1. Work out the charge dipole of the range 1-132 with +1 on the Cβ of Lys and Arg and -1 on the Cβ of Asp and Glu about the Cα centre, then indicate which of V76, G110, T16 is farthest towards its positive end.
2. Be a star and scan the range 252-269 for residues whose amide nitrogen sits under 13 Å from the point 7 Å along the Cα-to-Cβ vector of V526.
3. Angle, helix 476-486 long axis vs. longest principal axis of the chain, Cα atoms, 0 to 90°, nearest 10?
4. Per the Debye formula with a single identical scatterer at each Cα and no solvent contribution, what log10 I(q)/I(0) holds for the chain at q = 0.07, 0.11, 0.13 Å⁻¹?
5. Using only alpha carbon pairs under 8 Å that are at least six residues apart, calculate the relative contact order of the chain and give it in whole percent.
6. Order of 325-337, 216-228 by packing, highest average Cβ count within 10 Å first?
7. About the Cα centre, and with charges only on the beta carbon of Lys, Arg (+1) and Asp, Glu (-1), how big is the dipole of the chain? Nearest 20 debye, please.
8. Which parts of the range 94-108 would a label at A44 reach, counting a residue when its backbone N lies under 18 Å from a point 7 Å out along Cα-to-Cβ?
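FYI, it's all coordinate maths here, none of it is from the lab. This is a predicted model, so every value here is computed, not measured. Reconstructed Cβ throughout: ideal geometry from the backbone, glycine too, with neighbour counts over all protein chains shown.
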Amino acid sequence: MNSLGVFTAAALLGATAVAGASSRCSAEVLEQLLPENAVLETVANVTANGTFGEGAPDIAYPTNPTGLPELCALIVNVTSSSTSSYRFGLFLPEEWNSRFLAVGNGGFAGGINWLDMGAGAHYRFATVSTDTGHNSTSGDVTWALHQEEKKYDFGYRAMQGSVGLAKEITKGYYGAAAAYSYYSGCSTGGRQGLKEAQVSPDHFDGVLVGAPAWYTSHMQPWTTKVGIYNLPENGTNHISTDLFTVIAAEVINQCDEIDGVKDGIVSRPDICNFNSTTLSCDLPTANASACLTATQLETLANIYSDYYVNGTFAFPGPLLSSEPQWFAVLSGDTPSTLGYEYVQYFVLDEADWAWEQYNDSIIPTAEKMDPGNCTADDYDMSAIRDNGAKIILYHGMADGLIPTYSSKVFYERAADAMGGVEELSDWFRFFFVPGMGHCDSTAVDAPWYFAGANQAGSLSTSAYSTPGFMDAEHDALLALMRWVENGTAVDTLIATTWTDSSDPDSGVLRQRPLCPYPSMAQWDQVGDPDVATSWSCVEE
Ligand SMILES: *[C@@H]1O[C@H](CO)[C@@H](O)[C@H](O)[C@H]1NC(C)=O
Ligand SMILES: *[C@@H]1O[C@H](CO)[C@@H](O)[C@H](O)[C@H]1NC(C)=O
Ligand SMILES: *[C@@H]1O[C@H](CO)[C@@H](O)[C@H](O)[C@H]1NC(C)=O
Ligand SMILES: *[C@@H]1O[C@H](CO)[C@@H](O)[C@H](O)[C@H]1NC(C)=O
Ligand SMILES: *[C@@H]1O[C@H](CO)[C@@H](O)[C@H](O)[C@H]1NC(C)=O
Ligand SMILES: *[C@@H]1O[C@H](CO)[C@@H](O)[C@H](O)[C@H]1NC(C)=O
Ligand SMILES: *[C@@H]1O[C@H](CO)[C@@H](O)[C@H](O)[C@H]1NC(C)=O
Ligand SMILES: *[C@@H]1O[C@H](CO)[C@@H](O)[C@H](O)[C@H]1NC(C)=O
Ligand SMILES: *[C@@H]1O[C@H](CO)[C@@H](O)[C@H](O)[C@H]1NC(C)=O
Ligand SMILES: *[C@@H]1O[C@H](CO)[C@@H](O)[C@H](O)[C@H]1NC(C)=O
Ligand SMILES: *[C@@H]1O[C@H](CO)[C@@H](O)[C@H](O)[C@H]1NC(C)=O
């Protein structure tokens, strides 16, 4: 409990002040902990209920966390080669829970993720985030042109190096190494988590991976390809964003009740036999402003389709129910820059290449080159398993940016490489999140919140854990910690949403369990479907 008598996750984790630590929050002391290629850029004492960050100049993460506990904040700049350097931010709370946490990034963002660091500091972790070695917004890949070393920093070196050094600083600051180390990231952050598990199997005891962009060499080309299906913007094949809403509604109409509950949440997109002809403008009953022409229906089929190159599977299409988020990669007069700028600046290194020149040969080319070694496809992760670590992977079924099944592909390939799903589930579990979009949010009032990466920041600048439910049942990070530290396997995670889905003060609307793949949540047909205990995880 805190001084107001409110139970907090920080208290649960036994955070206590470390004698003498705050006196070490100074340049003189901290500089002694740095290797030759690292420079202390900033060090500051942050008082209780304070704020810290770079604000607007951190163009990727301009929002500073607020309400921070008392802590020492620093920024370190590490030279990684003669043409590259990366920076990281580190929060060292006055009351320390004796643990270390690294948080991830998003898209191609180059910047320290202060907001996710803030959430980590609230639990009283020593919390690190790297800028990945460049300075850009999420959708800007122009920085990569002819910058092989910067690509490596983005690929894995900045995270690997920041975690390694931040752990050393943490140890020097508190006078003791962290008892346990964790990772939490979504999207690119999910990729970084899997990559770290592969390249630094001794870095973490627990890794929380959301909607990972792990298949860089295939996903970014797919993002270009799927964008092109819906272009040009004035073409007869183009489906406008307002029609995505119409399609989404028809998907719910046809697919919602397969799981036995009519709630607008599609939890079995995999077995819904969606008939898009019901949207055809050719039907006598068609609504002319809410129908699709034959060419648009072809575009729709292409969007959902898996991507094959010369008969070989390259990347999965998005699931039914992801339509509300399609605007992110299927609107505008070009494909998403996340897709074609990767091809242009990462793979081809050709400033004058245009997305109109895209063809399927990019897949084998990107796979062979994999600039920066971004792709996290080392499926045999037995080294981190043998260290006793645990991994939780989750992915929203309504993700419109990173197709949900890319995580299933990863999990199944990992299972194949390491003895099957049953073996894998001893230490690595995968949770689908019906109705959740990319990393956070829901368009259909689905329970989406479980304190995954980025989620607290989408509630407020001072939120952390699951407001009102700060326990290992409702908070994926606490669940992972309990698995690692106490051996309690994560058999279920309870996801929450509120009447206003991003405002816990509006009251709980629904809670429902998420289930480890291949099991699924099934309603008991009796209890209130908005209450978690009315559901259980079952295997088909
Ligand atoms: C932070 O406060 C401590 C005293 O608690 C002091 O020793 C230290 O010099 C301060 N650091 C900075 C950067 O002001
Ligand atoms: C914390 O700071 C905020 C402003 O950032 C202020 O509104 C609030 O009253 C402060 N809370 C306490 C307990 O001091
Ligand atoms: C990043 O770029 C912004 C805008 O160009 C600039 O204000 C900021 O200082 C840069 N940050 C770093 C760390 O170089
Ligand atoms: C970090 O250090 C490198 C190498 O000294 C330097 O080129 C770069 O400008 C520094 N970055 C910042 C943001 O100061
Ligand atoms: C779309 O716009 C381009 C360029 O303005 C034009 O050449 C083309 O005919 C237009 N296509 C349609 C289907 O209107
Ligand atoms: C698909 O919907 C169309 C239009 O309602 C209908 O004519 C057709 O029979 C349906 N196809 C299937 C396989 O149900
Ligand atoms: C036709 O579709 C439009 C756009 O979705 C909607 O506003 C309108 O109510 C529909 N008309 C009928 C008769 O259903
Ligand atoms: C496919 O694209 C690559 C890269 O732009 C180009 O080198 C190649 O000639 C293209 N192939 C065809 C058949 O157009
Ligand atoms: C597809 O296979 C054909 C025949 O082997 C080959 O010429 C072509 O380059 C392949 N295309 C791609 C994109 O791999
Ligand atoms: C690339 O990353 C993989 C892990 O995904 C690792 O096994 C491999 O050693 C790395 N290769 C290089 C050249 O860094
Ligand atoms: C482990 O179990 C102990 C005893 O029940 C509890 O106090 C502690 O909070 C648990 N640790 C975690 C990380 O859940």
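1. T16
2. It comes to no residues whatsoever.
3. 50
4. -0.38, -0.96, -1.33
5. Numbers: 1267 pairs, mean separation 69.8, N = 540.
Contact order relative to length: 13 percent.
6. Values: 325-337: 19.3, 216-228: 24.6.
The densest-packed peptide leads the list: 216-228, 325-337.
7. Working: 23 positive and 65 negative charges, 188 e Å.
The dipole magnitude comes to about 900 debye.
8. 94
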